[in-house]
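Okay, structure first, notes after.
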Amino acid sequence: MRAWWPRAIPYLVGLAGVGLVTTVIAAVRPLAVLPNLSAAYLLLVLVLSARWGWRPAVASALLAFLAYDWFLVAPYGTLYISAPRDVLDLVLLLAAALLGARLVSTLARQRRGAQAEAIESGILTEVAVAALREPEGREALRLLCRRAVEEGGLQAMALMEGEGDGATIVAGDAMSDADLRQARWAAARGLELGARLEHGELHLMRIYSHRREPRLVSLSGGVAVFWVRDEGPPTPEQTHLLAALLGLGGLLLDRRRGAAAVERARVLEASDRLKTAVLSSVSHELKTPIASLRAGLSMLAMPEAGLAPEHCEMVAGLDRQTSRLDHLVSDLLTMARLEAEVSLERSPQQLDEMLGSALRALGPLLDGVDLRLEVPPDLPPLLVDELQVERVLTNLLENAVEWTPADGRITVGAERRAGDLAVWVENQGPPIASDELERVFSKFWTRRKGGSGLGLAISRRIVEAHGGTIRAENRAEGPRFTCLLPLEAVVPVAEAAQGG
């Protein structure tokens, strides 16, 4: 009943109108001689066309043609027409009714379209103005849901943001637990249920269910959940308005997500600055007492101190632990300096000289290691900070020694690539897990039993400060760390400008 009754009303009105006009004409004709009484049907057709469109108007015009011929044209009670003039009157009546119905229907449709566009523009402007008043746009989203229900022909509507089980309602009507679970399930899989928003148009599908099922549309920043009214789906004008509101809702949800990301980044940046400042301050404060402690331990280890052998062994252990602490504090100071973006002291440097300094600094650590150098003798000089690049080479070699088995091999190589020099350190040993190839360069992340987890992080900061890159990869014999450093002929634009 609900499905066909609204569509049958215009045709029933047309049927009743034709009967009424026919009755009036039949009653008036004996009392007065009036020409062209059939034009009264034309008024009825025009009214129907303006109100419900051309289909019921054309049906009423055909019915009026038959009713006038049957009841008012001799011989009465038949569709036979005896006078040619009556045939012409009927044809003109039908033609005028059809053309008039079509014209009035077109004008009425254009008028309704203009009104719908004006309403749509006003609603979108209202929501947009509300969105400009606050960065999060929560009030604008509430207004959008309210206008979608009031003007879009919906029973209820809600907007959700987030993914999967983390999706939450940010505006609109409350949802039952079952509907909320269904919406989260569909959002986690990127599904649309009962509706689809495509190329700015909203397509509604028929749903066969005994319960009031929600329709879900995926938006760029979340999910829209809405319910259609029981009396029928929205009109084409309302559907167009809903499509525009859903598109705007997706933009507002996207903006909320972007604003939240910016806020998180701001908080993390402030936290990093505070952490860097604390680490730098603590490291500076620790440098002096550590130096004094190492000097005192060195004096106690001298023969003149007269310590017993077991006491000398204990002093040596304390000195080793103090050395580790000194190394950790030095790493913290270096990381703080790099994060503060202290300018580098670049100058032309030879790779073999910096590599030799790094090998001499490691000293006994390389005993028992098969070290192979694959560095060509004719490499051009690098434009780098000598001390910082030596630190990178030292850190990479220390890391390689840590993971190289006894009597294993470590290979250090270099080759020219375009305007950069590729330097790598490869060692025999276990491969790095694929999900850890990038994490190994994170601060305080390490798989070693000892160490601060800052060596590779410092190396990345130093290489990137020079405008280069560093990466880890698994080779046939073991992991390889490769860094690209600029050659002397390649001068960064910013430094060239400062020099000029």
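Values in this text are rule-based calculations from the coordinates and carry no lab data. Source: prediction; values computed, not measured. With ideal geometry, Cβ positions are generated from the backbone for all residues, glycine too; neighbour counts draw on all protein chains shown.
Assorted remarks:
- Note on SER442, SER218, SER343: ascending count of other Cβ atoms within 10 Å places them as SER343, SER442, SER218, the fewest first.
- Directionally averaged projected area (convex hull, Cα atoms, the stretch 370-460), nm²: 6.9 nm²
- Three-way shape call for the stretch 134-213 based on the alpha-carbon gyration tensor, with the a/c threshold at 1.5: rounded
- Here the relative contact order of the stretch 148-263, from alpha carbon pairs under 8 Å that lie six or more residues apart, stands at 30 percent.
- Isotropically averaged projected area of the stretch 346-499, using the convex hull of Cα atoms (one quarter of hull area), nm²: 9.4 nm²
- Euclidean distance of C-alpha centroids, the stretch 353-390 and the stretch 241-272, integer Å: 49 Å
- Relative exposure of GLU269, GLU237, GLU139, GLU304, judged by other C-beta atoms within 10 Å (fewest first): GLU304, GLU269, GLU139, GLU237
- Exposure proxy ranking for LEU251, LEU42, based on other Cβ atoms within 10 angstrom of each Cβ and starting from the fewest, stands as LEU251, LEU42.
- Global geometry of the stretch 148-263, whether rounded, prolate or oblate, following the gyration tensor of its Cα atoms and the 1.5 cut on a/c: oblate
- Structural descriptor for the stretch 346-499: relative contact order 25 percent, calculated from alpha carbon pairs under 8 angstrom and at least 6 residues apart.
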